[in-house]
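Quick notes on the structure that follows.
The values are calculated or read from the model by the stated rules, or taken from the named source; none is laboratory data. Values in this document were obtained by computation on a predicted structure and should not be read as measured data. Heads up, the Cβs are rebuilt from the backbone with ideal geometry, glycines too, and the neighbour counts pull from every protein chain shown.
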Amino acid sequence: MPHTTRTTHAVAETHTTHSVVRARIRAAADGRRRRHRPASKVRAVVLGLLALLCVAPPAAAGYRIETVAEGLMHPWSIAFLPDGRALVTERPGRLRLLEPDAAGRLVLRETPVPGVPGVLARGQAGLFDVAIDPRFATTGRVYLSYAHGTPTANHLRVAHARLGPDGLAELTPVLTTQPAKSHTQHFGGRMAWQADDTLVVGVGDGNLVRTDALRLHTHLGKHLRIDRDGGIPPDNPFATRTGARPEIYSIGHRNPQGLVRVGGLLYAHEHGARGGDELNRIDAGANYGWPITTDGVDYTGARITPYTRWPGVTPPLLHWTPSIAPAGLTWYDGALFPHWRSSLFVAALVERGVRRVPMKGGRPGAQEVLFTELGERIRDVRAGPDGALYLLTDSMQGRVLRIVPDASAAPPSPPR
């Protein structure tokens, strides 16, 4: 039987949150008088804290949380196979299989899936995303993204392999980002299939030369688009430009770690520095600004750029300041939670929860913060084929969690 935790949200939490925010605003103002901070910095702190008050208060829970699997080493991604099984990546370089038991509950197979490629696992490097071939019934293929190389000369690589009863076989790399970078940060790594069976891959800026995100000779700081075998789709926006990497689909990204297709639209989120985490709609050839525009500052507090917006730069649909550290991203339109339909769900590492972002006409509505009662870093969130939400917690003893309705509680009303 899965372990079950029943949860409720108290109205008192909302009052407490607002009181804390008001206290921090007062503290920011007092700090200005004591330390003579520049007015612009004080305004940024106050506006960021005020933004917290715009998040819809949590409704009564109406859900319960089941533990599907535990004891996973920094699980990074979960993907569902068409036959009812699921795959989970662990960042040190293992691929795990969840299989339904006689009662239909997913159970973790004790031994990892054999045949996973060797990965560089140091710093932020490791095994990242897993994506299922849309033609899996015919090909049996799964796609993996992972860090490849050495600590001082490494790349993001994507490979496909055939999943069989004995593990992975016929491993074939289809993308290796260029040029090599010299340390183990900002890989990106999320993948999403498009309606035409092309694959979009998010790539971080490498955290060395930030302006690489805007330069077309490098894959760093981009979303890339390839076909199922690594070829270049002829309608890629820079496919015929001299000196440009033909895989480039969009530019100006810092460290994108969430990617999902919703109908004909592609949504992504990325980590800012200190503030300035973003949710974007990704369009072919668009420039998303990093590092020329950002709503964040450097980790030292220093200004990265004076600009939050710039002509020709696509502004974010929304930004999170202070940072929530967005990780996974999914679209929910399932039957188990009707009041959550037509929403993006954003896993958050620093916030230790999940943001529900209702979407209407391509625009975000009032956000709802969920599952903070877990007190754990959430690395991934996925809508399952059963209508449940699945979460991965990020730790050395990470868990796979399943969110289902709580039959003993009335369903909550959606935030207004």
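Scanning the stretch 95-106 for residues that are farther than 26 Å from Ser145 by Cβ and in contact (Cβ under 8 Å) with a residue 24 or more places away in the chain yields one hit, Arg105.
Need a quick list: strands (runs of 3 or more DSSP E) entirely within the stretch 326-416 having at least 1 residues that are of a type outside the set (S, T, N, Q) and surrounded by fewer than 23 Cβ atoms within 10 Å (Cβ to Cβ). If you could, list the steps in order and put the result at the bottom.
Details: elements: 326-332, 343-348, 353-360, 368-370, 378-383, 389-393, 398-405.
Strands (runs of 3 or more DSSP E) meeting the threshold: 326-332, 353-360, 368-370, 378-383, 398-405.
Is the stretch 103-117 home to any residue that is assigned to a loop (DSSP other than H, G, I, E, B), closer than 24 Å to Gln178 by Cβ and at pLDDT 95 or above?
Quick first cut of the stretch 103-117, residues assigned to a loop (DSSP other than H, G, I, E, B) only: 103-105, 109-117.
Of the ones still in play, those that are also closer than 24 Å to Gln178 by Cβ are 116-117.
Okay, now just the ones that are also at pLDDT 95 or above, so 116-117.
Yes, the conditions are met somewhere in the stretch 103-117.
Residues of the stretch 195-211 that are in contact (Cβ under 8 Å) with a residue 24 or more places away in the chain, surrounded by fewer than 16 Cβ atoms within 10 Å (Cβ to Cβ) and not charged (D, E, K, R): Ala195, Leu208, Thr211.
Scoring Leu95 on the criteria (1) surrounded by 21 or more Cβ atoms within 10 Å (Cβ to Cβ); (2) farther than 19 Å from Arg162 by Cβ leaves a single failure, condition (2).
Taking Thr294 as the residue in question, decide whether it is among the hydroxyl-bearing types (Ser, Thr, Tyr) and either more than 24 Å from Trp320 (Cα to Cα) or modelled with pLDDT under 95 (or both). Give the steps one after another, and end with the answer.
Values: among the hydroxyl-bearing types (Ser, Thr, Tyr): yes; either more than 24 Å from Trp320 (Cα to Cα) or modelled with pLDDT under 95 (or both): no.
It is false that Thr294 is among the hydroxyl-bearing types (Ser, Thr, Tyr) and either more than 24 Å from Trp320 (Cα to Cα) or modelled with pLDDT under 95 (or both).
Out of curiosity, is Gly264 farther than 29 Å from Arg91 by Cα and not hydrophobic (A, V, I, L, M, F, W, C)? For Gly264, the condition - farther than 29 Å from Arg91 by Cα and not hydrophobic (A, V, I, L, M, F, W, C) - is met.
Which of the residues that make up the stretch 193-226 are part of a loop (DSSP other than H, G, I, E, B) and closer than 11 Å to Ile251 by Cβ? Don't jump to the end; show me each part of the working.
First, the residues of the stretch 193-226 that are part of a loop (DSSP other than H, G, I, E, B): 194-198, 204-209, 215-221.
Passing the criteria: Asp205, Arg215, Leu216, Thr218, His219, Leu220, Gly221.
Being of a type in the set (Ser, Thr, Tyr) and touching a Gly at 6+ places or on another chain (Cβ under 8 Å) is the filter; apply it to the stretch 309-358 and report the residue that is farthest from Glu376 (Cα to Cα). Going through the qualifying residues, I end up with Thr314.
So is Asp229 in a loop (DSSP other than H, G, I, E, B) and not aliphatic (A, V, I, L, M) or not?
Working: in a loop (DSSP other than H, G, I, E, B): yes; not aliphatic (A, V, I, L, M): yes.
So Asp229 passes the test.
When the stretch 196-248 is examined, which residues are found to be closer than 19 Å to Tyr146 by Cβ and of a type in the set (S, T, N, Q)? Once the filter is applied, which keeps residues that are closer than 19 Å to Tyr146 by Cβ and of a type in the set (S, T, N, Q), the stretch 196-248 yields only Asn207.
Every test in (1) more than 27 Å from Trp331 (Cα to Cα); (2) touching a residue at least 24 places away in the same chain (Cβ under 8 Å); (3) among the small types (Gly, Ala, Ser) is passed by Ala273 save one, and that test is (1). Selection of the stretch 153-183 for residues being of a type in the set (S, T, N, Q), buried (at least 17 other Cβ atoms within 10 Å of the Cβ) and within 17 Å of Pro246 (Cα to Cα) yields only Thr177. Is it the case, given these coordinates, that Asp298 is surrounded by fewer than 16 Cβ atoms within 10 Å (Cβ to Cβ), in contact (Cβ under 8 Å) with a residue 12 or more places away in the chain and not β-branched (Val, Ile, Thr)? Against the criterion (surrounded by fewer than 16 Cβ atoms within 10 Å (Cβ to Cβ), in contact (Cβ under 8 Å) with a residue 12 or more places away in the chain and not β-branched (Val, Ile, Thr)), Asp298 qualifies.
Just one of Leu266, Leu259, Leu220, Leu224 is out of contact with any Leu (no Cβ under 8 Å at 6 or more places or on another chain), among the aliphatic types (A, V, I, L, M) and closer than 21 Å to Val158 by Cα; which is it?
Numbers: Leu266 fails: out of contact with any Leu (no Cβ under 8 Å at 6 or more places or on another chain); Leu259 fails: out of contact with any Leu (no Cβ under 8 Å at 6 or more places or on another chain); Leu224 fails: out of contact with any Leu (no Cβ under 8 Å at 6 or more places or on another chain).
Answer to the check: Leu220.
With respect to the stated conditions, Leu127 fails to be buried (at least 19 other Cβ atoms within 10 Å of the Cβ) and over 29 Å from Phe238 (Cα atoms).
Quick test for you: out of Val350, Val369, Val354, pick the one residue that is in contact with a Leu (Cβ under 9 Å, 6 or more places away or on another chain), hydrophobic (A, V, I, L, M, F, W, C) and either closer than 23 Å to Arg274 by Cα or without any contact (Cβ under 8 Å) to a residue 12 or more places away in the chain (or both).
On the way: Val350 fails: in contact with a Leu (Cβ under 9 Å, 6 or more places away or on another chain); Val369 fails: in contact with a Leu (Cβ under 9 Å, 6 or more places away or on another chain).
Selected residue: Val354, the only one of Val350, Val369, Val354 that is in contact with a Leu (Cβ under 9 Å, 6 or more places away or on another chain), hydrophobic (A, V, I, L, M, F, W, C) and either closer than 23 Å to Arg274 by Cα or without any contact (Cβ under 8 Å) to a residue 12 or more places away in the chain (or both).
Among residues belonging to the stretch 130-140 that are touching a residue at least 40 places away in the same chain (Cβ under 8 Å) and in contact with a strand residue (DSSP E or B) (Cβ under 8 Å, 6 or more places away or on another chain), point out the one that is nearest to Asn207 (Cα to Cα). Only one residue fits best here, namely Val130.
Residue by residue, here is whether (1) touching a residue at least 12 places away in the same chain (Cβ under 8 Å); (2) over 18 Å from the mean Cα position of the chain (by Cα); (3) under 16 Å from Gly230 (Cβ atoms); (4) assigned to a strand (DSSP E or B) holds:
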position	(1), (2), (3), (4)
Val119	yes, yes, no, no
Arg122	yes, yes, no, no
Phe128	yes, no, no, yes
Tyr146	yes, no, yes, yes
His155	yes, yes, yes, yes
Pro173	yes, yes, yes, yes
Met191	yes, no, yes, yes
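Check the stretch 103-112 and report whether any residue there is surrounded by 17 or more Cβ atoms within 10 Å (Cβ to Cβ) and either β-branched (Val, Ile, Thr) or closer than 28 Å to Asn255 by Cβ (or both). Checking the stretch 103-112: not a single residue is surrounded by 17 or more Cβ atoms within 10 Å (Cβ to Cβ) and either β-branched (Val, Ile, Thr) or closer than 28 Å to Asn255 by Cβ (or both).
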